[in-house]
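The values are calculated or read from the model by the stated rules, or taken from the named source; none is laboratory data. These numbers were taken from a predicted model, which means no experiment stands behind them. Ideal geometry is used to build each Cβ from the backbone, glycine not excepted, and the neighbour counts take in all protein chains shown. All accessible areas refer to the heavy atoms of the entire protein, side chains included, with ligands and DNA or RNA removed. Shrake-Rupley method; radii C 1.70, N 1.55, O 1.52, S 1.80 Å.
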Amino acid sequence: MLPVPDLKTIARQIFHQTLAAIDISETLRRKLARQGSQICCADQQFDLRSFKQIKVIALGKASPAMAEALTDILAPEFSVSGILVASAPPSRPINDFQVFVAGHPVPNEQSFAAARAILEMLRECNRADTLIIFLLSGGGSSLVELPLDPGISLEDFQSLHRALVGCGAAIDEINAVRKHLSAVKGGRLAAVAPNATKITLGVTDVPEGRESALASGPTLPDPTTVNDARRIIDQYYSLLPKLPESIAAKFKKHGAIPETPKEIDAVFRNAHFEIVLGMHDLFHHAHIASESAGFLTICDNTTDDWPIPRATEFLLTDLARLAKEHPGQPVAIIADGEVSSPVRGNGVGGRNSAFVLDCVNRIAGQRIAVLSAGTDGIDGASPAAGAVADGESFARASTLKMDPQEFAQRSDSYNFFNALDDAIITGPTGNNLRDLRILLSAPGTPALFHPAA
C-alpha cells in the first residue's frame, strides 16, 4: 500500500507533469497548421498574402508565450507588429511589439494605458486589407481595462473590481457587470474595427460554451445584458453601497448603461474564434499523468463555480464512491474550474489553498491527498499556485497549534500551508487554462469523511 506521504508527493508530480505537457508553442503551431501563406482558424483557411498588414493584440497571462510562438510560426516570410499586455515582462524582447506590464488581479494605470493604445491601433487599421490576430488568455479582464464613461476614474474601477471579487459572485456574474461598464470588453474591441478581418485565438480558463468569459470576451458577442448586470448588483445585496458613486449612479438610473454588441451585430461579420488550449487539454494530460502513476482516474468538472464547502463535500464523496467500487485499487478524481471563495479576513490566500484548507479536517487520518492549484502559478494574492494536504495535515497543524478553521475565517490559507511546507510554489507559468484539483485515495480508505469544521 502507498504510505500517506507518498500520495502528497504523487499529487505534486501529477500537477507538474500536467503543466509540462501544456505547451503553448507546439499547440499553436499545430492548430494554425501553416502551409506557406495559408493558416487555419475555426476550420477556415486564410491567405496571409491577401493582407497588406498583420497586427497582433496579445493580452492575458499567457500573452508573452502566445506572441512569441506566433511570431516564430509566421517568420521569416510574414512580419507582425502590435501590442502585448501581460502581468510580467516577456522572457525575451519581441520585435515591433509595444509592451505593457499591467495590473492583476486589480487593473492599474498600465491597464488603462494599454486599453487606450489598443483602441487607437484598432481605429487606425479598420480596413479590409488588414488582418488583426487577437491572442487571449486568462487575466485579460484586469490587464486591459477602460471605462466607457471617461468620468469614471481608475480608483473607482479598482473599487468596483474589489467589491465584485469579494462578494462571492461567480466569474460569469463578475464579467457581466464589468462588460457593461467597459470600453474594451463584451465584444467592444471587435466593434472598433468592423472592416478588418479578425482572428481570435484563446488559451482559456473558462468552461466550454462560455468562451465569452475569456478576458471578458473583448472580440466575442456578449450573451449577457444590462438587465443581467443590474440583477447581479441587486442579488449581492451588499454590493451597491460598496460601489463608488460614479458607478452606483449608473445602476440607479434607467438607461445609463449602454448594451454590449450581440451575435447578430454586423461587427462580427469578419470575426473568427478558436480555442487553442482549453479544458479538454487540461483534463487529457492530467488524466494521463494520473493513470501513469497507477490510479484509476475519472475527470469531473461538476463543481465549477460552486462554493468551496459544497465542492469539497461533493468531490470527497465521489472519491469515496469510486474507492468503494474499486476495492484494492488506488483511485483519483481530477477536477478543474474555479470555486467560489469570498474573502472574509485580511489574511493571505486564494481559492485553491482555501479549497485544500477546507479538506484538511475532512480527510484527517485517512489515506487521501488533495491538491488544488492554478495552472498560471498564481492563487489569489498569495505567492503560491495553491496547496496540497493529506491525512496527516490536521495532526501536523495541531502540533504547531494551528487551527484550520481559524485560518479559514481570516482567509489565511496560504500561511497555513506555508507553515507546513505544503504551499505549491511555481512562479508565473506563462500559461493559464484553469485551476486543477487532484484527489487521490489509496486502497483501504474508508468511505467516510469528517464533517466540515
Tally of residues being loosely packed, with under 13 Cβ neighbours inside 10 Å, part of a loop (DSSP other than H, G, I, E, B) and not acidic (Asp, Glu) across the stretch 43-74: 1
Pair list, Cβ under 6 Å, 6 or more apart: the stretch 279-291 residue more than 10 Å from Leu433 (Cα to Cα), other residue open to solvent by less than 30 Å² (accessible area, probe 1.4 Å) and not aliphatic (A, V, I, L, M): His285/Thr18; Ala286/Thr18; His287/Thr297; Ala289/Thr18; Ser290/Thr297; Glu291/Thr297
Candidate set: the stretch 22-52, residues that are at pLDDT 95 or above and of a type in the set (Lys, Arg); chosen: the one farthest from Gly278 (Cα to Cα): Lys52
Selection within the stretch 216-250 - under 25 Å from Gly60 (Cα atoms) and open to solvent by 10 Å² or more (accessible area, probe 1.4 Å): Leu220, Pro221, Pro223, Thr224, Thr225
Criterion (closer than 24 Å to Ile378 by Cβ, in contact with a His (Cβ under 6 Å, 6 or more places away or on another chain) and at pLDDT 95 or above) met by exactly one of Leu143, Leu70: Leu143
Residues satisfying the stated conditions in the stretch 414-435, i.e. in a helix (DSSP H, G or I) and out of contact with any Pro (no Cβ under 9 Å at 6 or more places or on another chain): Asn415, Phe417, Ala419
Long-range neighbours under 8 Å by Cβ, at least six apart or interchain, first residue free of Cβ contacts under 8 Å to residues at least 24 places away in the same chain within the stretch 46-58, second of a type in the set (S, T, N, Q): Asp47/Ser37; Asp47/Gln38; Arg49/Ser37
Flag for Ala113 being farther than 27 Å from Ile22 by Cβ and open to solvent by 10 Å² or more (accessible area, probe 1.4 Å): yes
Test: Thr224 is more than 22 Å from Lys31 (Cα to Cα) and touching a Gly at 6+ places or on another chain (Cβ under 8 Å): yes
Enumeration of residues in the stretch 75-100 that are crowded, with 17+ Cβ neighbours inside 10 Å and outside any loop (DSSP other than H, G, I, E, B): Gly82, Ile83, Leu84, Val85, Ala86, Phe97, Val99, Phe100
Identity of the residue in the stretch 404-453, within 17 Å of Pro309 (Cβ to Cβ) and modelled with pLDDT under 85, that ends up surrounded by the most Cβ atoms within 10 Å (Cβ to Cβ): Phe449
Test for Val184: is it touching a residue at least 12 places away in the same chain (Cβ under 8 Å), in a helix (DSSP H, G or I) and open to solvent by less than 30 Å² (accessible area, probe 1.4 Å): no
Answer from Pro89, Pro105 - the residue that is at pLDDT below 95 and in contact with a strand residue (DSSP E or B) (Cβ under 9 Å, 6 or more places away or on another chain): Pro89
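Of the residues that sit in the stretch 379-399 and are part of a loop (DSSP other than H, G, I, E, B) and in contact with a helix residue (DSSP H, G or I) (Cβ under 6 Å, 6 or more places away or on another chain), which one is farthest from Gln13 (Cα to Cα)?
Taking the stretch 379-399 and keeping what is part of a loop (DSSP other than H, G, I, E, B), we get 379-385, 391-392.
Adding the requirement that they be in contact with a helix residue (DSSP H, G or I) (Cβ under 6 Å, 6 or more places away or on another chain) leaves 379, 382, 384, 391-392.
Values: Asp379: 19, Ser382: 21, Ala384: 16, Gly391: 18, Glu392: 19 Å.
Applying the filter and picking the extreme gives Ser382.
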Residue within the stretch 148-155 that is outside any helix (DSSP H, G or I), open to solvent by 10 Å² or more (accessible area, probe 1.4 Å) and free of Cβ contacts under 8 Å to residues at least 40 places away in the same chain present: yes
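Please work out if Glu208 is closer than 25 Å to Arg344 by Cβ and open to solvent by 10 Å² or more (accessible area, probe 1.4 Å). Give the derivation first.
Details: closer than 25 Å to Arg344 by Cβ: no; open to solvent by 10 Å² or more (accessible area, probe 1.4 Å): yes.
Spelling it out, it is not the case that Glu208 is closer than 25 Å to Arg344 by Cβ and open to solvent by 10 Å² or more (accessible area, probe 1.4 Å).
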Qualifying positions in the stretch 212-229 - in a helix (DSSP H, G or I) and in contact with a helix residue (DSSP H, G or I) (Cβ under 9 Å, 6 or more places away or on another chain): Ser212, Ala213, Leu214, Ala215, Ser216, Val226, Asp228, Ala229
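A quick yes/no check of all residues on (1) in contact with a helix residue (DSSP H, G or I) (Cβ under 7 Å, 6 or more places away or on another chain); (2) farther than 30 Å from Pro443 by Cα:
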{"residue": "Gln17", "(1), (2)": "yes, no"}
{"residue": "Ala21", "(1), (2)": "yes, no"}
{"residue": "Phe46", "(1), (2)": "no, yes"}
{"residue": "Pro76", "(1), (2)": "no, yes"}
{"residue": "Val80", "(1), (2)": "yes, yes"}
{"residue": "Ala86", "(1), (2)": "yes, yes"}
{"residue": "His104", "(1), (2)": "yes, yes"}
Filter result for Asp6 (over 24 Å from the mean Cα position of the chain (by Cα) and free of Cβ contacts under 8 Å to residues at least 24 places away in the same chain): yes
